Amino acid sequence: MDNTTTKDKRERHRAETAKDLRTQRKDVGKEVEELFQRLKLEVKRNKLRASDVLQITANSLQSHGSCTEEELVHMFLQKLLMMNYKARSITVTDTTKQHKEKQQKAQQPSANNDDAFSALFGKTSTPNIRQSNTDPIHPMDVQMAVFHCADGFLKQMMVTKLSQCRYALPLLVPDLFTHQIEFPLWTFREINQSWKIINNNKEVISKIQPIYKAETPMVFFFRFGSVSSSKSELMNKLINEKHDTFFNRNCPGSSRTRVLMDGVVEIAWFCPSGTYDDKFTECVAFCNLHGDAGDHEKQMHKMTKMASVKVVVLPQLRRNDKSAEKIQKLYKDPKPLICLLPEDDSPYTEVGNGKYKIGLKDRGQADISKDLREAITDSLSFSSSKSPSTFRLENLATHSDIRVDQKDVDDCREGREAAQKMVRLLEKKDLTKIKESFLPCQGELWHQWCQKNKELNRPQGDVTEMEISKKKTEMKKVRERQHKSEISRFTHLFVEQMHSGAANTFFLKWLRILLDEYTSADLSKLHHEYDEKWSNILKLKENPDKSEKLKPELLELSEKLQAAAFGLEHILREIGQIYESCSSVKKNKKDLQIDYHSLPGLAAKMMISGFPLELMDGDAGHVPLVWVTAVLEELIQKLGDQRVFVLSILGIQSSGKSTMLNAMFGLQFAVSSGRCTRGAFMQLVKVTDEMKKQMNSDYILVVDTEGLRSLELAGSSTRHHDNELATFVIGLGNLTLINIYGENPTEMQDILQIVVQAFLRMKEVRFSPSCVFVHQNVSDVTAEKNTMEARRRLQETLDKMTKLAAEDEVCNAERFSDVIKFDVQKDVKYFAQLWEGSPPMAPPNPSYCENVQDLKKTILSCVSKSNVMMLTNIKNHIKSLWDALLNERFVFSFKNALEIATYRKLETEYSKWTWSLRKAMLEIENGLQNKIENEAIDVVEERYLQEELNVISTEVKKSMSEFFERDSNANILIQWKNSFEIKISHIQENIVRETMSKLNEVLQQRVLKKQIDAQRTQNENALLEKAKDLALTLKKQRESKNKKQHLQRDFDSFWEKCVDEIKKNTPQGTDLDILKDMREVLGDANESFANPSVNKTNKKCNIFMMSDYSEYVQIQKSLSNLLTFTYSLSKEDHTQIKTLILDIEEQAKKIIMSKNIAKMGYNKSYIQELSGFIKAKLTQHEEIKKEKFAFKKHFFSDLVLAILHTVKPMIMEQHNIFKQANDPVLYFARKREEYYSIFQKYCQGATSATIIGEIICNKLKEPIEQSVYKKTARDLADEMRANCESLNGNRSNLEKHILKTLAEKEDFKAYKTYIHKPKKHFQSFIREEVSQYITDKFDTSVLPKMRDDLKQKEKRIVEAVKRATEEVDEYHGDADLWLKIFTLMLSDVLIFSENDLRGVSRDGVDVKLLQEVIMKEIPSIISGIGKKFSTESFPSKLEYKDRPDEILNEHLCKCCWVQCPFCKAICTNTAEDHDSKPHSVPFHRIDGLKGWHYKGTQDLSTDFCTTLVSSTGSFRPSHESKESIKYKDYKTAGGVYTEWEITPDFTELSYWKWFVCRFQKDLENLYNKKFQGQGQIPLEWRKHRKQDAIESLDKYM
């Protein structure tokens, strides 16, 4: 055959091959699409994101090994992320397929014959169903389909987990459509591999390296054509006989069809364990090309070029076979080649220099593996002797025709470049000095600050305010030094990159990878030295002197390890300290290029992206509270205030805590056998939207901790540190996992004692977290007998530890179940060993993974049943916990702080509940008041009010029940449940009683009002009749004279005469003289009132301003006789009398306002009622103090006089309103135009219906207007309760806003009222807030409300008109019936009745015409009313009690007003009668504000009572006290002191320090004393600015 013919044949063959390949690709493309459809995946890339996969989904609760095809991807990922290597052997249960198969079986004819051969070997007809549709999906297709669809982070996670499962990893992957080869180098970046080798000196050397850096020999396996032996199975027997590293045809789940693996090269490493039975003595990489190498020449060429040894599996070939030429080339290549021949039975034979062949036919697997291993070992020896070649992953990236993911993905490339830029700055630097140079803020300065803060909160002995200020000044200086320290270029680059927002997640990943790479060698060396030193100390235990000498060296190594640890967490810690120092000095660092306020946002973004945040700095043993709080606030800003379940974990060092959490939730906590970074870290796990309702949570916050009993802490106060950490973590978690490793009873006892003590503290503070004990590394978890015995031992140990801990904490507890709800059968989980065999080649134990999944289900079940916290609550809870731990009196401090915070929350809810009741009753009251005034009802029954209120009351009770049951602090709230239920019940009764009283008052006033209205109606009707008569006369004149008359002139003349007549018949009113009335009413009974000189305002009217009431008091003789000294009023007595006077003053004002003088006018009887009330209050007080003193007679008269002087302006103002409204002349002057209009209509011959219609419309104006204003006022009060910041919370919130306003205005007079008359100031503030709100929101809120209500009133009137007309038609009634129905239908909405038209003739009125008139006139009436609405008219149109400020005052000021006996701080209890709870306030004031001074001096006090009550200092309860009382025993002083709970606390508001400095002179003048001597103002106080003062309110209140 000539060359031309041969060449043509080759060309034809190539063309046919290309055509076949195109056809094959087309078919493969179709198969790929079908595969993706079956898996419910999109063929487009990057549709599966790591962030989505890591969420808690419905699949998170599934643990069985089977699923449907649709669930296959999720099940695979779930198992893989848990390191369960059974992810590649999931059983698919396809119900549809099974159903079809059953049908097909049923359709087959039954075998009636008994012929075995026909039955067994005969052909069965099968339906023509495509093979690809009926075959199960190949496990590797699932893996590769997910890989193709995954984003970069999920791919990396997958490859890392595959590596942990000891599976082969994708090395070269053809693109599904372009067929370009991709090398996913990025996915290998987080894999570290460790191994051990025996060196020439017979020493075992440990190595750990990032796998992409490892330089190892590489053995490359591939095949030509189709072969009978499984290449992958042969490789598995070489690497790990017990584990299928490479998936092969004999693995569970394998199927005939495989769509995505052809052309894929996988890689795995054999890692020796440093023993003599290792299969290979060094780390070796094994690569495997899937499919026919002849079809994948590019992959084969690359890999054979880089391989140290090539292993090819060959079928029986002829010389002219298409693969023959390639085999010739391989054979001629100098690199070793091993040929495996499945059709040959020849033994292991060397056929050339470095060339071997091994027959596989009819040979046992063990023999083949032995020969193959020997051949590879020989080949590696041959290779290293000739031309040493090692394989390094990163070198594969140098090939230009291979796409490398980390180069081609822009974000990945840019992230790497930014991280490399930072890490280059660290090159050639001493690792133990790096943090000191590059991260200066977190080193010595931060540790100094932490130490001083602990000293401040844990004082030794008594401390003065001056000493506290000195300590704070020192802390401030440390912050200033931190602030002045330069920001390193390293930190600058980090902040700059994070702030830019570009490729941040890739950047952070790269930075962590590169930092680990940079530090790993030095850290490994230090750990080796540390382990050796520790081993030497253990060997020298019997020789204490020598071992003690080695301990300083060990401590030095421990410090070096701590200094050398350098990771992402340290950079964030530095950012945190930069932020805290800037926050302290209130300005940016000069070299910080961005606003420091934006720094927490960077950390919050990191948390949302799945990175952990350091919660407690283990190096300093301190929580950076300012930083953590700021980050959580940013988190709330970005995510909203989400519901969060907190899961924490505790356990000894290296017990597998982080490994377990990472496996369970796919987290990123650092896993290291030699841990240096200490403390606690928190990471967010998102719950999917579909699961939020079921889980009752939006996120799980996982808190990982350093191990207890840490070796690195040797020499430190380990026990104290561990107790602190355990208390903090257990206190923070809704559920805490207690991780126990192994079965060493001593270790178990140590950790259990720490844990039990922490839980005991939680019980003492009424905080009830749950716990689950996880006992890891248990040899046989399946043996029921063994676990039962283990549970019994654990229970015994826990009970024993409980008794010991109870002695330490001084409380009663005999068993662990006394401390926490605990079931040893359900709340203890036993875990299998992590590895299935001996590392480094052992895969994770599937039993361990199943244990993790079981625990995860338990946790998620606990989440769904728990009262989770909001992020805001967690932020506050962290602060409370840490503050209490700093205090060292944890139980007392935290219990108090937690109870106060919980009680404040309860008060806020209580305020909402009471407002709901009050708001509902306001509506009920308004409707009934309208009906009373319309004479629709004559009596109001209390039972009716209760029934009406019961609707909202039921809702309130339901809301209360849910709050007490579901709140995260339900166990603390329970102590107040009963008392608050009683309070709500009492409030409801009081509201009903008060409303009843008001309505009865309206009923009584109706009689008087009836007289007033009757006179007015009589005048109106008389005018109307006269106007009608005049109009008729004029009309006749016009008809007879046939000329037009001047109506206006005639009406004016008529009007003047009528008004003159009304004036004559109206008695002249006299000016009010209240003091004269007082003399007339009270003069007979008390001569002091009969004296005319009482008119003069003398000093007695300043009774409110007095501080000494001795002249008004008669000391009881019996008391004087008993005492050896002359008794005089105590300071407390004077205070109580003053409180009594102020209370009487306020009540007197209320009595006057309740009289509705503006509507009903003034009556002398009010004076009688007022004096009777004052007399009763004085008698009541005298009864309490009868053993000490009685009031002198002139006290009563002076007090009545003073009260009358106070209420006189109110009475005068109200009476003037009444006069203007009821003066006939003024009233008819306002009505003149209306009468003229009616007069004109009479003259024009209008019908009676027209006239009556106009009269009705005119009379409706005022009631409509009044009703709209009242309804708007109620709605406005409700809106302000919800939207106005100062009014929408509890009393503490209101006071915070008052203090802010006072600081902004800097008005000492206002401050004085606030300090000495707090209730008066609160009421005044509420009025101002309401007034400002109405002014600011009039156009946007008030006016729209009024217009809406006006429309509603119009609608009601129109409905009433139509209904009245319909009923008159139905019952053949007249205008009287029409009017009765019309007014009745409006009786609960408007004050308008039939009486308003009494005397107006309704004879012959056509009701249908009347309807037309009203329907026509009403729109213009409504429009006219709407035009008059304005900010000025709003308050003036409302009665005092109906004004929104008074509605809110009534609600917000019905609370406790008792003031601290030391500093005058007001008790912040929202409930007025909180009998079961003592008075309390979160933050007290400086005692000098009340005028307290040091004994025997004129020096005003600068102490806070919260500091004093922890000291041994003393005080005298009053000026007359002869004995001093120790501050810490203040309750023994009796009286008001016993009613207060003052907690020792060094958290003082900056506010009062600023206030004393700002108003020092004013305070000194007020009390005639000085801030000097012992009371000298510390210099530190003068640094507090007004802004600091205001910010401190937001921080602490």
Quiz prompt | Separation of alpha-carbon centers, the stretch 1560-1587 and the stretch 1386-1438, rounded to whole Å | solution = 64
Quiz item: Can you work out the FRET efficiency for the pair SER520 and ARG318, with r the C-beta to C-beta distance and R0 = 35 Å, to the nearest 0.05?
Solution: 0.05
Quiz item: Going by a ≥ b ≥ c, the root eigenvalues of the Cα gyration tensor, does the stretch 1467-1597 fall in the rounded group (a/c under 1.5), the prolate group (a/b larger than b/c) or the oblate group?
Solution: oblate
Exercise. Based on the mean of other Cβ atoms within 10 Å per residue, sort peptides 78-88, 286-296 so the most packed one is first.
Key: 78-88, 286-296
Self-check item: Distant alpha-carbon pairs in the stretch 498-538 (separation over 17 angstrom), percent
Solution: 53
Quiz item: In Å², what does the accessible area per residue of the chain work out to with a 1.4 Å probe?
Solution: 46
Quiz item: Where the centre of each part is set by its Cα atoms, how far does the stretch 344-363 sit from the stretch 1246-1280, in angstrom?
Solution: 111
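How much mean residue ellipticity at 222 nm does the chain get from its helices, if each DSSP H run of length 4 or more adds -39500 (n - 2.57) and you divide by all residues, to the nearest 500 deg cm²/dmol? Spell out each step's value before the answer.
Numbers: 56 runs with 901 residues, N = 1597.
Rounded to the nearest 500, it is -18500 deg cm²/dmol.
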Quiz prompt | Packing-based order for 491-499, 990-998, using average beta carbon neighbours within 10 Å, highest first | solution = 491-499, 990-998
Quiz item: Spin-label point model (7 Å from Cα, Cβ direction): what's the VAL204 to ASP1052 distance in nm?
Solution: 12.4
Practice problem: Estimate the FRET efficiency between LYS549 and SER194 by the formula 1/(1 + (r/R0)^6), using the beta-carbon distance for r and 22 Å for R0, to the nearest 0.05. | Solution: 0.10
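Just the number, please: carbon plus sulfur as a percent of the accessible area of the stretch 1523-1578, 1.4 Å probe, no ligands or DNA/RNA counted. Let's see the in-between values first.
On the way: 1010 of 2500 Å².
Carbon with sulfur: 40 percent of the solvent-accessible area.
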Practice problem: Using a 1.4 angstrom probe on heavy atoms only, work out the carbon and sulfur share of the accessible area of the stretch 302-450 in %. | Solution: 47
Quiz item: Can you run phi through the Karplus equation (6.51, -1.76, 1.60; θ = phi - 60°) for the stretch 174-191 and list ³J(HN,Hα) in whole Hz, with x for Gly and Pro?
Solution: x, 5, 5, 10, 8, 6, 5, 7, 10, 10, x, 4, 4, 5, 8, 5, 9, 8
Quiz prompt | Linear extension gain, GLU233 paired with GLU1541, 0.36 nm per residue minus alpha-carbon span | solution = 463.2 nm
Quiz item: What fraction of the DSSP beta bridges in the chain is antiparallel, stated in percent and rounded to the nearest 5?
Solution: 50
Quiz item: Between their Cα atoms, which of LYS1353/LYS1428; LYS1057/LYS1231; LYS454/LYS1464; LYS905/LYS977 are more than 21 Å away from each other?
Solution: LYS454/LYS1464
Self-check item: Computed over the stretch 1346-1435, Kirkwood Rh from alpha-carbon pairs, angstrom
Solution: 14.2
Quiz item: Could you give the radius of gyration (one decimal) and Dmax (whole number) of the Cα atoms in the chain, in Å?
Solution: 45.5, 153
Exercise. Compare the peptides 605-615, 359-369 by average per-residue count of other Cβ atoms within 10 angstrom and give them in order, highest first.
Key: 605-615, 359-369
Quiz item: Using the alpha-carbon centroid of each, what span in Å lies between the stretch 166-195 and the stretch 1486-1500?
Solution: 77
Practice problem: Summarise the accessible area of the stretch 1287-1386 (1.4 Å probe, protein heavy atoms) by the percent that is carbon and sulfur. | Solution: 46
Self-check item: the chain, relative contact order in percent, only Cα pairs under 8 angstrom and at least six apart counted
Solution: 7
Practice problem: Compute the acute angle (0 to 90°) between the alpha-carbon long axis of helix 152-164 and the principal axis of greatest extent of the alpha-carbon atoms of the chain; round to the nearest 10°. | Solution: 50
Practice problem: Enter the angle in degrees (range 0 to 90, nearest 10) between the Cα long axis of helix 1047-1065 and the first principal axis of the Cα atoms of the chain, meaning the one along which they spread out most. | Solution: 70
Quiz item: Tell me, in nm to one decimal, what length is gained between SER1433 and ASP1336 on full extension, where the rule is 0.36 nm per residue of separation less the Cα-Cα distance?
Solution: 33.4 nm
Practice problem: Return the Rg/Rh value of the stretch 314-463, two decimal places, where both radii are evaluated on C-alpha atoms and Rh is the Kirkwood radius. | Solution: 1.36
Practice problem: Compute the long axis of helix 139-149 from its Cα atoms, compare it with the longest principal axis of the Cα atoms of the chain, and write down the angle in degrees, 0 to 90, nearest 10. | Solution: 50
Quiz item: Given ILE1062, HIS148, LEU77, which one lies farthest toward the positive end of the charge dipole of the chain, if we put +1 on the Cβ of every Lys and Arg and -1 on the Cβ of every Asp and Glu?
Solution: ILE1062
Quiz item: Where in the stretch 845-879 does the label zone of GLU965 land, with the point 7 angstrom along Cα→C-beta and an amide N cut-off under 15 Å?
Solution: 865-868
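The values are calculated or read from the model by the stated rules, or taken from the named source; none is laboratory data. Since we're looking at a predicted model, the values are computed, not measured. Glycine gets a Cβ as well: all are built from the backbone with ideal geometry, and neighbour counts include every protein chain shown. For the accessible areas, the whole protein counts, side chains as well, though only heavy atoms, and no ligand, DNA or RNA atoms are used. Shrake-Rupley method; radii C 1.70, N 1.55, O 1.52, S 1.80 Å.
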